Amino acid sequence: MSNAKVYPVPDDIRKNAHITKETYQEMYQRSLDDPEGFWGEQAEKFLDWFSKWDKVYHSDLKNGDIRFFEGGKMNVAHNCLDRHLEKRGDQTAIIWEGDDPNNSEHITYKDLHERVCRLANAMKARGVKKGDRVCIYLPMIPEAAVAMLACARIGAIHSIVFGGFSPDALKDRIQNADCETVITADEGVRGGRNVALKSNADKALESCPDVKNVFVVKRTGGDIDWKDGRDIWYHEAVADVSADCPAEQMDSEDPLFILYTSGSTGKPKGVQHCSAGYLLGAAMTHKYVFDYQEGEVYWCTADVGWVTGHSYIVYGPLANGATTLMFEGVPTYPDASRCWDVVDKHNVSIFYTAPTALRALMGQGDEYVTKTSRKSLRILGTVGEPINPEAWEWYYKVVGDSRCPIVDTWWQTETGSILIAPLPGATDLKPGSATLPFFGVEPALVDAEGKELEGACDGNLVIKRAWPSMMRTVYGDHKRFMETYLSAYPGMYFTGDGARRDEDGYYWITGRVDDVINVSGHRMGTAEVESALVLHDSVAEAAVVGYPHDIKGQGIYAYVTLMAGVEPTDELKKELVKLVSNEIGPIAKPDVIQWAPGLPKTRSGKIMRRILRKVAANELDSLGDTSTLADPTVVDNLIEDRETK
Ligand code: 6R9
């Protein structure tokens, strides 16, 4: 891959970009050499303060004590709304695109401000105050953003639970964070189907006696149960209160939100983020990584239930006074042109999505894309998993008409904002590489003993110093924070990912370290083998895991989803083995290929390799928790096919 194709920065992008090659180098160096000066300046430039901080930062990764702009007073909702009112009160803040293509809405900054103030007052009237935790269990409707900002306005800490999670998962999260207030809707709507939210919440709440208030948004008007005294119609609650609600003065380090995320062990942990540092990270990266220009429409397709929705639908764009598009539906409804239809309908300039969505759309054929205009598009982005060069090229050529740089953004729930990514006007692209670190981010690769590796190499990805939007703790469990992230390599943050650095200093994320396979002593990223497999015209998607092998230690087991209409044959298996062998080397040849009509994925679209490893190893009685899968029956089918493979 050292001879990977390079896509230089296009001239027209470079000319107007916020950051060019020269300014990137200069600012990056300064951010490491003079962090006090650098972060102080950025915090003044990007945020509005009620009063200044005492100290720019305190970073003690050994003890997990990280503070930025301590003593400074600010408010996140004020920064996302109030300060914009004078200049852009009548500008659209949120374009909401409903599941039904005939249903959309423009919400101005002024309107959003009023809605936020009203909900903030309605919560206050019900006793919600600074420091309280509020659970948000909503579909992708404007009220989700309103609820986040209303919490921020009064200093309550939100904990969003993805609308696709089960009652059990919701219950665990409400209990863990001791939430007394829940904001939900009667039903959600996705892909033409209604999703029961209130009834899920009711089930969860049977085991949550401490919940006193349940605000219910009327989205569909469907039938729901009602508990008097606890349940409140959202629209009635906000109609009853004043539209004036001063923003609480928060300290920079006061928590803004908790977001649960799964690790390799135990129950999901509540990743806790602070106010000022988090917002600075989200705002800076939104502006620079996407090269956001005044007046552009920006669309991130994530759900607000994931960190990407927090930072790049709501907080980053609104802090920058941008117009952010919020989409209720799915990319394949009513058909696979939907995303591009929406781009044309709303003149979207920047489009940010996940590789898994791209691969799915790629499998449907190019016509769904090419029949749309997409001429408003300027920048494309990806997030969530390594993007295989094949999907990257498709995104670049077919979606972007070979005009639009693709920013492959590496980051995590824990990092709060993008840490490694190209900047459109500054970074030449290599398909499949997240490229270079953002300002203030000092990545390194270490071996298993924690020894830092130099030059072009492979290793565990760590970050050597704190950055403003870094998580501050695991809610209620600082010990777990230390153990999970800061103990493996003392003094450094361990990402859990493996990466390769090439001779240009570019980073290539190879996937979670536990997804790396060791075949006859050779380390290999599952993503590498997957990328090779999907090069084949007949392959829509592939997932690769290691399994115990008598001679090699680990063998390579590949689950392959074929394009619609392709016959699975032994001949095709041979072709695929040969393809991988040609692409990477004989060492990477899959030992087993199993046809997989579907792959087990989380609701955020990540392939659950843990389960695939168990099926491959034939450890069928220890599959573990499958409740967070989007479609648990996929696993049964894989097990059935395994026997006949
Ligand atoms: C933002 C988000 C984090 C994990 C991360 C890594 C994988 C995310 C990636 C990527 C390769 C990218 N990941 N972005 N891998 N290239 N551009 O996805 O957060 O849900 O917490 O997942 O996702 O493995 O460690 P989260």
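Tabulated data
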| quantity | calculated |
| --- | --- |
| Matching residues, the stretch 533-567, being assigned to a loop (DSSP other than H, G, I, E, B) and either among the hydroxyl-bearing types (Ser, Thr, Tyr) or surrounded by 16 or more Cβ atoms within 10 Å (Cβ to Cβ) (or both) | Val534, Leu535, His536, Ser538, Lys552 |
| Candidates Ala466, Ala426, Ala434 - the one that is touching a residue at least 12 places away in the same chain (Cβ under 8 Å), small (Gly, Ala, Ser), within 16 Å of the ligand (Cβ to nearest atom) and in contact with a Ser or Thr (Cβ under 9 Å, 6 or more places away or on another chain) | Ala434 |
| Residues of the stretch 33-76 satisfying the condition of being within 27 Å of the chain's Cα centre (by Cα), among the polar types (S, T, N, Q) and modelled with pLDDT of 95 or more | Gln42, Asn75 |
| Criterion violated by Pro139 - all others in (1) outside any strand (DSSP E or B); (2) touching a Cys at 6+ places or on another chain (Cβ under 8 Å) satisfied | (2) |
| Candidates Phe439, Phe481, filtered to the one that is more than 12 Å from the ligand (Cβ to nearest atom) and closer than 30 Å to Gln25 by Cβ | Phe439 |
| Candidates Leu119, Leu170, filtered to the one that is farther than 25 Å from Ser275 by Cβ, touching a Leu at 6+ places or on another chain (Cβ under 9 Å), part of a helix (DSSP H, G or I) and touching a residue at least 12 places away in the same chain (Cβ under 8 Å) | Leu170 |
| The stretch 189-204, residues that are out of contact with any Gly (no Cβ under 9 Å at 6 or more places or on another chain) and under 11 Å from Ser166 (Cα atoms) | Ser199, Ala201, Lys203, Ala204 |
| Selection within the stretch 180-195 - touching a residue at least 24 places away in the same chain (Cβ under 8 Å) and not polar (S, T, N, Q) | Glu180, Val182, Ile183, Ala185, Asp186, Glu187, Gly188, Val189, Arg190, Gly191, Gly192, Val195 |
| Close pairs (6 angstrom Cβ cut-off, 6 or more residues apart or separate chains): under 30 Å from Gly270 (Cβ atoms) in the stretch 395-414, among the hydroxyl-bearing types (Ser, Thr, Tyr) and within 15 Å of the ligand (Cβ to nearest atom) anywhere | Asp408/Thr382; Thr413/Thr261 |
| Flag if Gly476 is within 15 Å of the ligand (Cβ to nearest atom) and on the phi > 0 side of the Ramachandran plot | no |
| Test: residue in the stretch 207-220 that is surrounded by fewer than 21 Cβ atoms within 10 Å (Cβ to Cβ) and among the small types (Gly, Ala, Ser) | yes |
| Tally, over the stretch 268-287, of residues that are in a helix (DSSP H, G or I) and surrounded by 24 or more Cβ atoms within 10 Å (Cβ to Cβ) | 11 |
| Positions within the stretch 249-267 being surrounded by fewer than 22 Cβ atoms within 10 Å (Cβ to Cβ) and at pLDDT 95 or above, in sequence order | Gln249, Asp251, Glu253, Asp254, Pro255 |
| Options Ala444, Ala456; residue that is of a type in the set (Gly, Ala, Ser) and under 30 Å from Val474 (Cβ atoms) | Ala444 |
| Conditions (1) surrounded by 16 or more Cβ atoms within 10 Å (Cβ to Cβ); (2) free of Cβ contacts under 8 Å to residues at least 60 places away in the same chain; (3) under 22 Å from the mean Cα position of the chain (by Cα): number failed by Thr628 | (2) |
| Where Arg359 falls short, out of the listed (1) within 30 Å of Lys130 (Cβ to Cβ); (2) in contact with a strand residue (DSSP E or B) (Cβ under 8 Å, 6 or more places away or on another chain); (3) among the basic types (Lys, Arg) | (1) |
| Near pairs, Cβ below 8 angstrom, 6+ apart or cross-chain, from the stretch 336-356 (over 19 Å from Thr323 (Cβ atoms)) to any residue that is within 16 Å of the ligand (Cβ to nearest atom) and assigned to a helix (DSSP H, G or I) | Pro355/Ala391 |
| Strands (runs of 3 or more DSSP E) (entirely within the stretch 290-398) containing at least 1 residues that are within 16 Å of the ligand (Cβ to nearest atom) and not aromatic (Phe, Trp, Tyr) | 297-300, 348-353, 379-383 |
| Where a residue in the stretch 86-103 is over 20 Å from Ile313 (Cβ atoms) and its partner, wherever it lies, is of a type outside the set (Phe, Trp, Tyr) and not in a strand (DSSP E or B), with Cβ under 6 Å and at least six apart | Gly89/Lys110 |
| Qualifying position, being modelled with pLDDT under 95, surrounded by fewer than 24 Cβ atoms within 10 Å (Cβ to Cβ) and touching an Asp or Glu at 6+ places or on another chain (Cβ under 9 Å), among Lys130, Lys171 | Lys171 |
| Search result, residues across the stretch 399-417 that are farther than 17 Å from Val9 by Cα and either in a strand (DSSP E or B) or within 16 Å of the ligand (Cβ to nearest atom) (or both) | Trp410, Trp411, Gln412, Thr413, Glu414, Thr415, Gly416, Ser417 |
| Qualifying residue in the stretch 374-390 (condition: closer than 20 Å to Asp428 by Cα, touching a residue at least 40 places away in the same chain (Cβ under 8 Å), in contact with a Leu (Cβ under 7 Å, 6 or more places away or on another chain) and not small (Gly, Ala, Ser)) | yes |
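The values are calculated or read from the model by the stated rules, or taken from the named source; none is laboratory data. In this text the structure is predicted, and so the values were computed from the model without any measurement. Using ideal geometry, Cβ is built from the backbone for each residue, glycine included, and neighbour counts are taken over all protein chains shown.
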